[in-house]
Amino acid sequence: MNLDPIVAAIPALNKILGIPELASEHGEMVDHMLELVHWFMLVLFIGWSTFLVFVFTKFRKDKSAKADYVGVRGHASTHIEIGVVIVEAILLLGFAFPLWAQQSVGYPTGKEVVKVRAMGEKFKWNFQYAGQDGTLGGYALANIGNPATNEMGLDAKDPNGKDDFVKGATLTLPVGRPVIIDVTSKDVIHNLALVPMRAAQDATPGVNGHLWFTPTKTGSWDIICGQLCGAGHSGMRGTLEVIPQKDFDEFMKEGSEGALKNAAAAPAAAPAAAH
């Protein structure tokens, strides 16, 4: 039996439902699981709808004037319910658990990893880049606003953070390299949702959440907050830009050099400000 037409038809339902563009390495497994869930729910919808039409027709008032208080005598509904549970268990055990294991155990390491910290607040995102040394400097919520430009509470005494720099609204990443994003918040719970990467993580005050993925294509997409966070929630949007490695190297070099210059100038400017 040739199963190629069936296999080719599986993704069709996701396309009809308008699934967003896929741009990450692990996202194919996520989409495959969604495809199977969507087909399974379609079969359930058609099956139960057909059953309801049958029941409403067969047991309408003019056909069954006298009520039957005994109820269903067969076991078909029980068998169907058990079958639904079995299919759901297969989807969970066969797809969700392996995907979760891949994301939680297969953490990327090495110099190729791009490290970023995302901090949410009402109602915007700020992104701290690790600079050319590849290591994120520390931060503390108590440091926010000291000085006034320190929106993410960066620790000026941490040597790993000397070349770190912060950009708001736009998250810039290179294509083809693994990315680890530390996610936190300075006020309420937000959620960093990167839909094309099939990745999202709650941003919770005082908690360092993590997500990682590998972009597979260049492009520009919306960043949204996936957690209701207040009256301005709908406007808490940013931009995810995935660019070629060469352009990303220039982006990092410019940002790191600017951060180092600011760090070198800060001690000299301090006495003048105090005076």
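Taking 8 Å as the Cα distance limit and 6 or more residues as the minimum spacing, I'd like the relative contact order of the stretch 114-264 as a percentage. Can you show the working numbers first?
Values: 372 pairs, mean separation 40.1, N = 151.
So the answer I get is 27 percent.
Give a residue-ordered list of calculated ³J(HN,Hα) values for the stretch 195-207 (Karplus: 6.51 cos²θ - 1.76 cosθ + 1.60, θ = phi - 60°; whole Hz; x for Gly, Pro).
Computed from phi, the couplings for the stretch 195-207 are 4, x, 8, 6, 9, 7, 8, 5, 9, 10, x, x, 10 Hz.
What is the chain's relative contact order, in percent, from Cα pairs under 8 angstrom and six or more apart in sequence?
Details: 433 pairs, mean separation 50.3, N = 275.
RCO, the chain: 18 percent.
Angle between the Cα long axis of helix 76-91 and the longest principal axis of the chain, 0 to 90 degrees, nearest 10?
Relative to the chain, helix 76-91 is tipped by roughly 20 degrees.
Sorting check: for 81-90, 155-164, which peptide has the highest mean count of neighbouring beta carbons within 10 Å, and how do the rest follow?
Details: 81-90: 11.4, 155-164: 16.9.
Ranking, from highest mean packing down: 155-164, 81-90.
At R0 = 25 Å, how high is the FRET efficiency between Leu52 and Ile90 if r is their beta carbon distance? Nearest 0.05 is fine.
Working: r = 26 Å, r/R0 = 1.04.
Efficiency, rounded to the nearest 0.05: 0.45.
Round to the nearest 0.05 the FRET efficiency obtained for Glu151 and Ile19 when R0 = 30 Å and r is the Cβ-Cβ distance.
So, using R0 = 30 Å, E works out to roughly 0.30.
Once you have the Kirkwood Rh of the stretch 114-264 from its Cα pairs, apply Stokes-Einstein at 25 °C and 0.890 mPa s and quote D in µm²/s.
Details: Rh = 15.4 Å.
Translational diffusion coefficient: 159 µm²/s.
Antiparallel DSSP bridges in the chain: what percent, to the nearest 5? Can you show the working numbers first?
Numbers: 30 of 43 bridges.
Taking every DSSP beta bridge with both residues in the chain, the antiparallel ones total about 70 percent.
Say each of Thr218 and Gln132 gets a label point 7 Å from the Cα, pointing the same way as Cα to Cβ; how far apart are those two points in nm?
2.2
In square angstrom, what is the accessible area per residue of the chain with a 1.4 angstrom probe?
Values: 16520 Å² over 275 residues.
Here the residues of the chain average 60 Å² of exposed surface.
Once both labels are modelled 7 Å past Cα along the beta-carbon direction, what's the His210-Lys246 spacing in nm?
3.4
So if we plug the beta-carbon distance of Ala12 and Val188 into 1/(1 + (r/R0)^6) with R0 = 30 Å, what FRET efficiency do we get, rounded to 0.05?
Details: r = 40 Å, r/R0 = 1.34.
Working from the Cβ atoms, E equals 0.15.
What is the antiparallel percent of DSSP beta bridges lying wholly in the stretch 114-264, to the nearest 5? List each step's numbers first, then the result.
On the way: 29 of 42 bridges.
Of those bridges, close to 70 percent are antiparallel.
The values are calculated or read from the model by the stated rules, or taken from the named source; none is laboratory data. Note that the structure is predicted; figures quoted are calculated from it, not measured. We place every Cβ from the backbone using ideal geometry, glycine too, and count neighbours over all the protein chains shown. The accessibility values were calculated without ligands, DNA or RNA, using every heavy atom of the protein model including side chains. Shrake-Rupley method; radii C 1.70, N 1.55, O 1.52, S 1.80 Å.
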